[in-house]
Amino acid sequence: MLKHAGLNRLCTLQGLQRTTAQSDSSFLFVFHPEGNECINANARFCGECIQAGANCGWCKDPDFLKQGETVSTRCDELPSLIKRGCQEAMIENPRGQQRVLKNKPVTNRKKGAEELRPEDITQIQPQKLSLTLRSGEPQSFKLKFKRAEDYPIDLYYLMDLSYSMKDDLENVKNLGTSLMLEMSKITSDFRIGFGSFVEKTVMPYISTTPAKLLNPCTGDQNCTSPFSYKNVLKLTNDGKKFNTLVGQQHISGNLDSPEGGFDAIMQVAVCGDQIGWRNVTRLLVFSTDAGFHFAGDGKLGGIVLPNDGKCHLENNVYTMSHYYDYPSIAHLVQKLSDNNIQTIFAVTEEFQPVYQELKNLIPKSAVGTLSANSSNVINLIIDAYNSLSSEVILENSKLPEGVTIAYTSRCKNGVISEGENGRKCSNISIGDEVYFTISVTSKGCPKPNKPETIKIKPLGFTEEVEITLHFICECECHKEGVQNSQLCHYGNGTYECGACKCNEGRVGRQCECSSNDVATEDMDRTCRKDNGTDICSNNGDCVCGTCECKKRDNPEERYSGKYCECDNFNCDRSGNKLCGGHGRCECRVCICDPNWTGSACDCSLDNSMCMASNKQICNGRGICECGTCKCTDPKFQGPTCETCPTCPGVCTEHKECVQCRAFDTGEMKEKCEQQCGYFKMIKVKDRDKLPQPNDASYPVVHCKGRDANDCWFYYTYAVNNDTEKVVHVVDMLDCPAGPDIIPIVAGVVAGIVLIGLALLLIWKLLMIIHDRREFAKFEKEKMNAKWDTGENPIYKSAVTTVVNPKYEEK
């Protein structure tokens, strides 16, 4: 039964965790800027403009607007306003700022040093700031946290006294002095308290007699009657008193597995005076071997009022358990955080999964496995405290509408994190310093416009940073505004920042019209050019008898003119640039910069690019048009008409450089790299591959040269249409044989032939002599040979004689 209850609680917690994550996502504010946010804001006055974005400025020059332009075109990005002719001194562009109001250094305290009050110990710096926020402009500051040594600790032990915890109570009775001894190794200022809980006593499923309620245990067990929560011992530094009072406690009982621990946690969190919490490290140890009831379970006992999150202790007993439902998990998280309480769940192994899920929902909490009889509770508390105190997590109070905050942490060993991880640092030892960069950004202005205060603090610590937020919602020139100014059509508006801010019901640039009369036929007539049919040339709206030109998606493009007939984007282009990039477009006509002319400002009046090396314009053989030479002599080409590929002497001019680059020979060999890199060289296999004059759209000159070895090389020289000098050269030298060398070669060949014939005859003669000598030797040996006439010992006759034994020669 207990296992099923635990699993049910686990599933419920997982569902709550998913629900919480889903609900959190609904608070995400995603802003997708499109185009120029200043133009898109369509600001009617300076205050609206500066709220549109951090890059927006307002031109307060009264003469800034051109005919047809609306008041909102005063609002634009600063470079655009300056480009359009607004002096920088006439641009309203207020910036945010920050001031540190309290900056007490963090405490450098050693254990055993002079005793300090808890409120005199500082672990976070600075403590108080003032930020002035301009919409869209973040204000960033650095926050330092240093974990102080010998920092005071308050620990409240909250124990489940249901019957199943009977053996645990025996071990806890001596917890006070033992825990005081262990904690003295961490801090010299430690206090401990004790409370107990069981369950609400009005649940209908506890159907029992009054006698049973007085002693809910079976047999001869002496149990106290059920109760919701008791504050047994206020926080004290007397460990013996803790042992005495806990030793007087008796167990109780109830019939269902989940206990009413959440009621007890809520009262411990909110009843600060009765518990005795100080502004120091606050630890709550929650010890149980069962699950828990939470919001909604009270309906089983007819309790429907939600928990009010207030203290209801009378004589140290929770008196409203029959009146208010159990608190929800989210409610507990809020109260524990508000009161800087870090929770340690000391639970048996069976309920570890349930409380691990609960831990994930409660920041700065830990879970430890309690042995069956709580004998390991001291080690559990020490380990959990070390784990909690080694991590710092920043949280902020509720932010005003439109305000966002971002964290970047710089932890030990230079580890930098951003986003949600930028809120925390882990593995912090005593004396370590970590830093956070905190950026606060506002979008727009809150209503009403008044200072707001937010607080940032490390979870589980009482110290905090208080930040006062001021918002820039109006321009400085707003203070100089003249209400009911005569400049605004006889007092129909306030003249401020170079423009009229019309009173209610008035429209027009000078508030000259009533909003009820802006669409009459008579007014429309004055918005038609040359009595045509198009109102404002179809590029604007007729407002109060005056054309107000439409805005383009591209903020750089604008309509203007009395009838919106002009624009600054329909002029001629050159090189895909409006007015060639050398002028500006006004009313569809390019106004060229100095030294430029033409319909697209693409013709330069500067003749310096046409000056030849002889200081003549285009070498005296052309005319300079738009900064470019047009050669009038067909033989000459190039940017200054100085190149003549077909003129005599061109081959001689380039011969030495071609020879040194192609064959690494010639007089220019040593200076080739320095003086012969002015042309592009292409090697070909033979003379047929050289370009021909009729094959190219530019003149090609065929040349040949001879080197010191009387070898010829062939090449072409040309200047192509890109004025690049190009040389094609045959990569093999042509070295024909000379007439004086032929007889020599013939004589050598004839001599070689004669020597060969002589050697052949000598060899033949020697072979005849050798053969004759060998034959004579053979004849002589044959005559001197003596042959043996005896019978061959291995010879056998073919005749066999057989004697008849009976014959006897008769």
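Any read-out appearing in this document is the output of simple, stated calculations on the displayed coordinates, not a laboratory observation. Being a predicted model, the structure only gives us computed values, none of them experimental. Neighbour counts are summed over all protein chains in view; Cβ atoms, including those assigned to glycine, are modelled from backbone coordinates with ideal geometry.
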_Among (1) 120, 84, 52; (2) 160, 156, 67; (3) 98, 57, 50, the entry that matches Cα extents along the principal axes in Å as calculated here_ = (2)
*Helix 329-338 axis, angle to the chain major axis (alpha carbon atoms, nearest 10°)*: 90 degrees
*If one takes the longest principal axis of the Cα atoms in the chain, at what angle in degrees, from 0 to 90 and to the nearest 10, does the Cα axis of helix 741-783 lie?*
70 degrees
*In nm, to one decimal, how far is the Ile794 label point from the Ser613 one, both placed 7 Å along Cα→Cβ?*
10.7 nm
*If one computes P(r) from the Cα atoms of the stretch 275-379, what percent of pairs lie at distances over 18 Å?*
58 percent
*Using Cα positions and a limit of under 12 Å, work out the aspartates and glutamates in reach of Lys615, with same-chain residues fewer than 8 apart set aside.*
Glu642
*Which of the chymotrypsin sites (Phe, Trp or Tyr not before Pro) found in the stretch 641-711 are loop residues per DSSP with 14 or fewer other Cβ atoms within 10 Å of their Cβ?*
Tyr678
*Within the stretch 430-456, which residues have the backbone N less than 15 Å from the label spot 7 Å out from Glu418 along Cα→beta-carbon, could you tell me?*
437-440
_Around Pro138: net Lys/Arg minus Asp/Glu count, Cβ-Cβ under 14 Å_ = +2
*Computed lengthening from Ser178 to Lys562, 0.36 nm per intervening residue step minus Cα-Cα distance*: 129.1 nm
*Excluding residues fewer than 8 places away in the same chain, name every one of the lysines whose C-alpha is closer than 29 Å to that of Lys200.*
Lys3, Lys166, Lys173, Lys212, Lys230, Lys234, Lys241, Lys299, Lys310, Lys335, Lys359, Lys364
*Of all DSSP beta bridges in the chain, what percent run antiparallel (nearest 5)?*
70 percent
*Could you check the simple spin-label distance between Glu350 and Lys725, using points 7 Å along Cα→Cβ, in nm with one decimal?*
10.0 nm
_If I stretch the segment between Thr652 and Asn503 completely, what's the gain in nm (0.36 nm per residue apart, minus their alpha carbon distance), one decimal?_
44.8 nm
*Do the sum for the chain: with -39,500 (n - 2.57) for every DSSP H run of n ≥ 4, divided by all residues, what is the mean residue ellipticity at 222 nm, to the nearest 500 deg cm²/dmol?*
-7000 deg cm²/dmol
